[in-house]
Amino acid sequence: MTKFARLALAGLLAMAAAGVARADDALKARIGVLRLSSSAPVFIAQDKGYFREAGLDIELKFFDAAQPIAVATTSGDIDFGITAFTAGLYNLAGKGTLKVIGGMSREKPGYPLIGYFASNNAYAAGLKTPKDLAGKRIAVTQVGSSFHYSLGLLADKYGFKLADLKVLPLQSLSNAAAALKGETVDAALLPVSTARPLMESGGAKFLGWVGDETPWQLGAVFASPKTLTNNALVTKLLAALARADREYHDVILASVKDGKADINERDKAAARDHRQIHQSAGRAGRRQLRLYRSGRQARRQECRQPDRMAAGAGLRRQGIFGRRDYRQGICEGGLMMVRASVVIASAAKQSIPQHGERWIASSLCSLAQTPRVCRRQ
């Protein structure tokens, strides 16, 4: 091995060892969320590494309804809840077992989130707007849910009683959607992500958005008093969420016009490429990536699949990432990882070794911060 490669590799291994030590020291936390766009900042912070960069090791726990998240937070099954306000949350908070520490999603005009949807038969029979819901059978997830509360706000707005609505708690969004499509209810409150497939297949009719009818502060971040004693954990979590929240606003919400985000076909193609590159990286890792250590033996040793290598280092899918976050993982027992600032665009289609030891050494140099050595390549 040449002198510059040895120096670069030594620097990398030192950095990698320090990185693994920091991963071991990361504060662990479990967050309860729903699979909804209102949880987008949580997913951004997890996927783009904002939690990890803040020194956190976050595990996401997914639920089918919001109220069980409040219960799980109180019982200690999760550390933080990030979801909608519900009657259950208010009851637990009133007893001192929960505390709200930050806001999250909000129903606001022009930003589709939760909508009112009618079955085809009910729509044909005259159910055309949210104002027409009085006396109808309406599916929600649970009694006391944010959907139930939204119906109460709607009743106040149009002057009818909440008791006039036949509210049917079906325990999950999938159940509510199935009941609407199957014509066993007249209407349902559903998030746009759940309702879109119904709309596209002709299984339901759109009536209006909660944000347009009755804007209100929908969601929050909350935790138990026990969790809140860990000031470092809470501070780091909120900082990472704020960072992701700002990005979500600036990239997506700021582009929304007439209820639609201005995302062009190029952006959609890039999102698809993100998944395809992950898959290509997995194949490349199994077949072609080689570990760059000292001597001939190391160059013959095949690197493990990137997903498994990343898991060994406590990292998540550090293969080749698309868009601006390009990363290439090269492993040695899960301890060595190279993050090159630029990855050859065709890497997903070609074998990495075809780019040669020169590219690998260049990556090592850029990380080991040995510019004089790098210039000697």
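The values are calculated or read from the model by the stated rules, or taken from the named source; none is laboratory data. It should be emphasised that the depicted structure is a prediction, and the values quoted were computed from it without experimental measurement. Neighbour counts are summed over all protein chains in view; Cβ atoms, including those assigned to glycine, are modelled from backbone coordinates with ideal geometry.
Might you let me know whether the stretch 229-238 holds any residue that is hydroxyl-bearing (Ser, Thr, Tyr) and touching a residue at least 12 places away in the same chain (Cβ under 8 Å)? Before the answer, list the steps.
Applying the first criterion (hydroxyl-bearing (Ser, Thr, Tyr)) to the stretch 229-238 yields 229, 235.
Cutting the leftovers down to touching a residue at least 12 places away in the same chain (Cβ under 8 Å) gives us none.
Among the residues of the stretch 229-238, not one is hydroxyl-bearing (Ser, Thr, Tyr) and touching a residue at least 12 places away in the same chain (Cβ under 8 Å), which makes the answer no.
Going by what's in this entry, would LEU168 be described as buried (at least 21 other Cβ atoms within 10 Å of the Cβ), among the hydrophobic types (A, V, I, L, M, F, W, C) and either part of a helix (DSSP H, G or I) or modelled with pLDDT of 95 or more (or both)? Talk me through it step by step, then tell me what you get.
Details: buried (at least 21 other Cβ atoms within 10 Å of the Cβ): no; among the hydrophobic types (A, V, I, L, M, F, W, C): yes; either part of a helix (DSSP H, G or I) or modelled with pLDDT of 95 or more (or both): yes.
So LEU168 fails the test.
Restricting attention to the stretch 193-207, and to residues there that are surrounded by fewer than 18 Cβ atoms within 10 Å (Cβ to Cβ) and not polar (S, T, N, Q), which single residue is farthest from the chain's Cα centre (by Cα)? Reasoning before the result, please.
Going residue by residue through the stretch 193-207, those that are surrounded by fewer than 18 Cβ atoms within 10 Å (Cβ to Cβ) are 193, 196-197, 199-202, 206.
Filter once more, keeping what is not polar (S, T, N, Q): 196-197, 199-200, 202, 206.
Numbers: ARG196: 19, PRO197: 20, MET199: 24, GLU200: 24, GLY202: 28, PHE206: 27 Å.
The extreme case among them is GLY202.
For the subset of the stretch 31-42 comprising residues that are part of a helix (DSSP H, G or I) and within 9 Å of the chain's Cα centre (by Cα), which member is surrounded by the most Cβ atoms within 10 Å (Cβ to Cβ)? Lay out the reasoning, then the answer.
As a first pass, look at the stretch 31-42 and keep what is part of a helix (DSSP H, G or I): 37-42.
Filter once more, so that each one left must be within 9 Å of the chain's Cα centre (by Cα): 37, 39-42.
On the way: SER37: 16, SER39: 20, ALA40: 18, PRO41: 23, VAL42: 26.
This residue is VAL42.
Can you name the condition, by its number, that TYR123 falls short on among (1) closer than 30 Å to PRO41 by Cβ; (2) not assigned by TED's automatic domain parsing to the domain that holds VAL221?
All conditions are met except number (1).
In the set VAL251, VAL221, VAL234, which member is among the hydrophobic types (A, V, I, L, M, F, W, C), over 14 Å from SER105 (Cα atoms), assigned by TED's automatic domain parsing to the domain that holds GLY49 and buried (at least 20 other Cβ atoms within 10 Å of the Cβ)? Can you show your working first?
Numbers: VAL251 fails: buried (at least 20 other Cβ atoms within 10 Å of the Cβ); VAL221 fails: over 14 Å from SER105 (Cα atoms).
VAL234 is the lone residue from the list that is among the hydrophobic types (A, V, I, L, M, F, W, C), over 14 Å from SER105 (Cα atoms), assigned by TED's automatic domain parsing to the domain that holds GLY49 and buried (at least 20 other Cβ atoms within 10 Å of the Cβ).
Could you give me the residue pairs with C-beta distances under 9 Å whose first residue belongs to the stretch 93-110 and is touching a residue at least 40 places away in the same chain (Cβ under 8 Å), whose second residue is assigned to a loop (DSSP other than H, G, I, E, B) and among the aliphatic types (A, V, I, L, M) wherever it lies, and which are 6+ apart or on separate chains?
Here the result reads MET104/LEU218; SER105/LEU36; SER105/LEU113; SER105/LEU218; ARG106/LEU113; ARG106/LEU218; GLU107/LEU113; GLU107/LEU218, each pair linking the stretch 93-110 to a residue that is assigned to a loop (DSSP other than H, G, I, E, B) and among the aliphatic types (A, V, I, L, M).
Pick out, from the stretch 43-115, the strands (runs of 3 or more DSSP E) lying fully within it that include 3 or more residues that are within 16 Å of the chain's Cα centre (by Cα), surrounded by fewer than 23 Cβ atoms within 10 Å (Cβ to Cβ) and modelled with pLDDT of 95 or more. Spell out the reasoning first.
Details: elements: 56-62, 80-84, 99-103.
Hits in the stretch 43-115: 56-62.
Please work out if GLY211 is assigned to a helix (DSSP H, G or I), in contact with a Lys or Arg (Cβ under 6 Å, 6 or more places away or on another chain) and either over 22 Å from TYR116 (Cβ atoms) or not aliphatic (A, V, I, L, M) (or both).
yes
Is there a residue in the stretch 126-140 that is within 19 Å of GLY219 (Cβ to Cβ), modelled with pLDDT of 95 or more and crowded, with 24+ Cβ neighbours inside 10 Å?
First pass over the stretch 126-140, keeping only residues within 19 Å of GLY219 (Cβ to Cβ): 140.
Checking the rest, the ones that are also modelled with pLDDT of 95 or more come to 140.
Retained after the next criterion (residues that are crowded, with 24+ Cβ neighbours inside 10 Å): 140.
Yes, the stretch 126-140 contains at least one residue that is within 19 Å of GLY219 (Cβ to Cβ), modelled with pLDDT of 95 or more and crowded, with 24+ Cβ neighbours inside 10 Å.
Give just the number: which of (1) at negative phi; (2) not assigned by TED's automatic domain parsing to the domain that holds ALA118 does ASP258 not satisfy?
Going through (1) at negative phi; (2) not assigned by TED's automatic domain parsing to the domain that holds ALA118 one by one, ASP258 breaks only (1).
Would you mind finding the one in ALA163, ALA177 that is of a type in the set (A, V, I, L, M, F, W, C), in a helix (DSSP H, G or I), surrounded by fewer than 21 Cβ atoms within 10 Å (Cβ to Cβ) and out of contact with any Lys or Arg (no Cβ under 6 Å at 6 or more places or on another chain)? Let's see the steps before the verdict.
Values: ALA177 fails: surrounded by fewer than 21 Cβ atoms within 10 Å (Cβ to Cβ).
The match here is ALA163.
Could you say which residue among GLY88, GLY81, GLY102, GLY76 is in the same structural domain as ALA239 (by TED's automatic domain parsing) and under 22 Å from VAL167 (Cβ atoms)? I'd like the intermediate steps shown before the answer.
Numbers: GLY81 fails: under 22 Å from VAL167 (Cβ atoms); GLY102 fails: under 22 Å from VAL167 (Cβ atoms); GLY76 fails: under 22 Å from VAL167 (Cβ atoms).
Sole residue among the options that is in the same structural domain as ALA239 (by TED's automatic domain parsing) and under 22 Å from VAL167 (Cβ atoms): GLY88.
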